[in-house]
Amino acid sequence: MSTLFEQLLYTTLRIECKDNDGNLTGIGTGFLLSRPVSGDKYKLYLVSNKHILIGTPKILVSFICKENGEPQHQRVHKVEIQGVDQAVKGHPDPEVDIAAIECTGMLVDMIDRIYYKHIPYDLLADFDEPELSIAENVYFVGYPAGRFDTSNNLPLMRIGMIASHPKFDFNGKPQFVIDAQVFPGSSGSPVYIDLTYENFRNGRIVVGERKLKLLGIVAQTMIRNNELQAVPSSTNYVTQEVMGLGIVFKSTAIKELVDSIPME
């Protein structure tokens, strides 16, 4: 697969949360982010939500197998990460539902066996992009209600619209609202915007150039009684009347978290 959007499918991973007895306690989404160190060296992080990664002793992360440098979609390698409570780092603000695990060594050790892509650090939006505004389409990748292409082991890409002005912090937090159905399993989904169309509309497009930005990470859904609810990761959840609105924590908060992790 060669298009930019197709490559994004390989940055997004299914996370299964397990208790100490190996029982499945929840399912969520995560994505791989790279942070430059020096030269061509970088660190890799699995980014998701606090309510997915914190409080679970171990997780299974599903990767597509690799052979001769190519993805083998019918084969999956599940990587178990133990001691998650010790490895995970949460955003310092308790109200910002973002967490990450540094996993460079693990992924480098398995580079010949698993196929993955990672999101470059400079793809994170600064929210000062002149084209970025309200009522723009966004795309998010994940496993809504646990659904995905089980034959080819690929997540689903869905579309929504920016519902609150992204250059303002919604309700005083580093977040914005999208008009989209956000279901259990969508927690941790990366949210993207393609600003190429905006560049074209303003007469500034460069042929062959795409301006894709990662805007943030899905964390909560709005329900009918005016409450916010973390998108449940549990496999046993009670259906509530959702409003078709989701809360996305901004990429600037992702930067704050990753930048706070020591470069060891």
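Enumerate the calculated ³J(HN,Hα) couplings along segment 150-167 in order (Karplus 6.51 cos²θ - 1.76 cosθ + 1.60, θ = phi - 60°), each rounded to whole Hz, writing x wherever the residue is Gly or Pro.
6, 6, 10, 6, 10, x, 9, 9, 10, 10, x, 9, 5, 9, 10, 4, x, 8
Which whole-number percent of Cα pairs in segment 66-195 have a distance greater than 27 Å?
Cα-Cα pairs in segment 66-195 separated by more than 27 Å: 32 percent.
Quick check on the chain: helices-only [θ] at 222 nm, where DSSP H runs of length 4 and up contribute -39,500 (n - 2.57) each and the sum goes over total residues. Nearest 500, please.
-3000 deg cm²/dmol
Once amide H atoms are built 1.01 Å from N in the peptide plane, which residues 5 or more positions from residue 15, or in another chain, come under 5 Å H to H?
Residues meeting the criterion, in which the H sits 1.01 Å from N, are 28, 29, 30.
How would the chain be classified by its alpha-carbon gyration tensor: rounded, prolate or oblate, with rounded meaning a/c under 1.5 and the a/b versus b/c comparison settling the rest?
rounded
Tabulate in residue order the Karplus-calculated ³J(HN,Hα) for segment 180-186, using 6.51 cos²θ - 1.76 cosθ + 1.60 with θ = phi - 60°, rounded to whole Hz; enter x for Gly and Pro.
3J(HN,Hα) across segment 180-186, in whole Hz: 6, 6, 10, 9, x, x, 7.
With point charges of +1 on the Cβ of Lys and Arg and -1 on the Cβ of Asp and Glu, referenced to the Cα centre of the chain, which listed residue (157, 29, 260) lies farthest in the positive direction of the dipole?
So the residue we want is 157.
List every residue whose amide H lies under 5 Å from the amide H of residue 136, counting only residues 5 or more places away in sequence or on a different chain, with H placed 1.01 Å from N in the peptide plane.
Residues meeting the criterion, in which the H sits 1.01 Å from N, are 162.
For the chain, modelled as a Gaussian network with Cα springs under 10 Å, which listed residue fluctuates most, 38, 62, 151?
Judging by the Gaussian network model, the answer is 38.
Quote the charge dipole size of the chain about the Cα centre in Debye, to the nearest 20; the model charges only the Cβ of Lys and Arg (+1) and of Asp and Glu (-1).
Value, rounded to 20: 320 debye.
Please state the shape class of segment 31-139: rounded when a/c is under 1.5, otherwise prolate if a/b exceeds b/c and oblate if not, all from the C-alpha gyration tensor.
Verdict is oblate for segment 31-139.
Using a Gaussian network model of the chain whose springs link C-alpha atoms within less than 10 Å, name the residue from 168, 140, 183 with the highest mean-square fluctuation.
Top of the fluctuation ranking is 168.
Go through 78/117; 58/78; 43/173; 43/211 and tell me which ones have a Cα-Cα distance over 21 Å in this structure.
The answer is 43/173; 43/211.
Give the long-range amide H neighbours of residue 220: residues separated by 5 or more places, or on another chain, with amide H under 5 Å away, using H modelled in the peptide plane at 1.01 Å from N.
231, 247
Every number in this text was worked out from the coordinates using simple rules, so none of it is lab data. None of the values given here were measured: they were computed from a predicted structure. With ideal geometry, Cβ positions are generated from the backbone for all residues, glycine too; neighbour counts draw on all protein chains shown.
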